[in-house]
């Protein structure tokens, strides 16, 4: 079975600081990768996804993520965070074949201070 | 609002009672998923439907849990004889028909928060 690790459980940044949230997965086969965001009081929203092609993918609100296959990683980045980025961020993977279930990491709570 | 909707948004029940949650997917989405999320954790997969067929069930889905999608549109998740450990957020997601990236992208509803006293 696959698993997802998000090493940073709680990150506190000041506005304009750069952000990088780690995500590593364990699975021997091919996967598709996602980052979801949950703003306070709102439901999970898709931030970006990787299926194939350029391993550097761009999402909404200036976020990007890089898939490094050799490291089984899919880290999320943003060059300059804003107070409105305060939210919980979840990395998720799904197998290319077989089970259709998303496997989520435990999430990273980002707090951006003005 | 054309997103995934869930009802009720909150449910408080006493241990031993039965509860039922409803999920309405995005129109024309043929795949529907149920997840459970507890505090401090990411969502955990429970079950998955393609149209009316329940194709996958997690080991988390004990015999007290049952899910249906009788007409391939909305779905219900019932928990019988609730236990305090069932307290969680129950999330529903849907994805559209198609191939590859299209059908694999899941869109989530707001969830039903269950508290078992």
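Here are the numbers:
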| quantity | calculated |
| --- | --- |
| Members of segment A:9-37 that are modelled with pLDDT of 95 or more and facing chain B (nearest Cβ under 10 Å) | A:34, A:36 |
| Scope segment A:79-105; condition surrounded by 15 or more Cβ atoms within 10 Å (Cβ to Cβ) and assigned to a loop (DSSP other than H, G, I, E, B); matching residues | A:81, A:86, A:99, A:100, A:101, A:102, A:105 |
| Some residue of segment B:50-67 being within 13 Å of another protein chain (Cβ to nearest Cβ), in a strand (DSSP E or B) and touching a helix residue (DSSP H, G or I) at 6+ places or on another chain (Cβ under 6 Å) | no |
| Of all residues in segment B:51-81 being modelled with pLDDT of 90 or more and at positive phi, the one that is farthest from the chain's Cα centre (by Cα) | B:81 |
| Criterion: more than 24 Å from residue B:46 (Cβ to Cβ), within 14 Å of another protein chain (Cβ to nearest Cβ), surrounded by fewer than 19 Cβ atoms within 10 Å (Cβ to Cβ) and more than 11 Å from the chain's Cα centre (by Cα) - qualifying residue of A:60, A:68 | A:60 |
| Test result for residue B:84, at pLDDT 95 or above, away from every other protein chain (no Cβ under 13 Å) and touching a strand residue (DSSP E or B) at 6+ places or on another chain (Cβ under 7 Å) | yes |
| Filtered residues of segment B:97-114 (kept if away from chain A (no Cβ under 11 Å) and either under 19 Å from residue B:38 (Cα atoms) or touching a helix residue (DSSP H, G or I) at 6+ places or on another chain (Cβ under 8 Å) (or both)) | B:97, B:112, B:113, B:114 |
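The values are calculated or read from the model by the stated rules, or taken from the named source; none is laboratory data. Nothing here was measured: the structure is a model prediction, and the numbers come from that model. Cβ atoms come from the backbone with ideal geometry, glycine included; neighbour counts cover every protein chain shown.
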